[in-house]
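Undergrad: Quick one: the structure is below, questions incoming.
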Amino acid sequence: MIRPATPADIPAIHTLIRELAAYERALEEAKAAEEQLHEALFGSSPAAYAHVATDDSTGAVIGYAIWFLNFSTWRGVHGIYLEDLYVRPTARGGGHGKALLTELARICVERGYQRLEWSVLNWNTPAIDFYEALGARPQDEWTVYRLTDEALAKASGTS
């Protein structure tokens, strides 16, 4: 049901990323091309990793998790930051999302990582309920900040 992604999975992952972006009401922001995903996941210096959930009967990719390593200066070890977790609505309730998170938790424990972290949109109550049922707790004393586009160029001193 859960396995590391392969280069052959890139088209399916790309499609699922676009589905997630549409669900999150931000399809116009999902600009990554399949070639970029391939380079990030399987290029000469992979910066991210992916696991896929497959349908038990057909083998079709029906969900994915894309993640990368972060680092805690306080704990002195790496952790996993889960960038995306998505399972097609038609496959939800079959344990695929839980299995993806379980696999990432297993990787953390196996490698001595001490954190598995991610962000969730405040309005996404089905996801919040799912995460909290697994024992995850919000870190509501932190606020995420982001620089993109013109603000990023301005901050870099290049515009």
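The values are calculated or read from the model by the stated rules, or taken from the named source; none is laboratory data. Treat the numbers as computed from the prediction; the structure is a model and nothing was measured. No Cβ is skipped: glycine too gets one built from the backbone with ideal geometry, and neighbour counts run over all protein chains shown. Ligands, DNA and RNA are excluded from the accessible area calculation, which covers all protein heavy atoms including side chains. Shrake-Rupley method; radii C 1.70, N 1.55, O 1.52, S 1.80 Å.
Undergrad: Looking at segment 106-124, which of the residues that are open to solvent by 80 Å² or more (accessible area, probe 1.4 Å) and in a helix (DSSP H, G or I) is nearest to residue 86 (Cα to Cα)?
TA: Here the residue is 106.
Undergrad: Further question on the same structure: List the strands (runs of 3 or more DSSP E) that sit entirely inside segment 1-105 and contain at least 3 residues that are open to solvent by less than 70 Å² (accessible area, probe 1.4 Å) and not charged (D, E, K, R).
TA: Because the criterion is at least 3 residues that are open to solvent by less than 70 Å² (accessible area, probe 1.4 Å) and not charged (D, E, K, R), the strands (runs of 3 or more DSSP E) in segment 1-105 that meet it are 49-54, 61-72, 77-87.
Undergrad: Hey, another quick one. Within segment 131-159, how many residues are part of a helix (DSSP H, G or I) and surrounded by 11 or more Cβ atoms within 10 Å (Cβ to Cβ)?
TA: 6
Undergrad: Of the conditions (1) open to solvent by 100 Å² or more (accessible area, probe 1.4 Å); (2) within 24 Å of residue 65 (Cβ to Cβ), residue 128 fails just one. Which one is it?
TA: (1)
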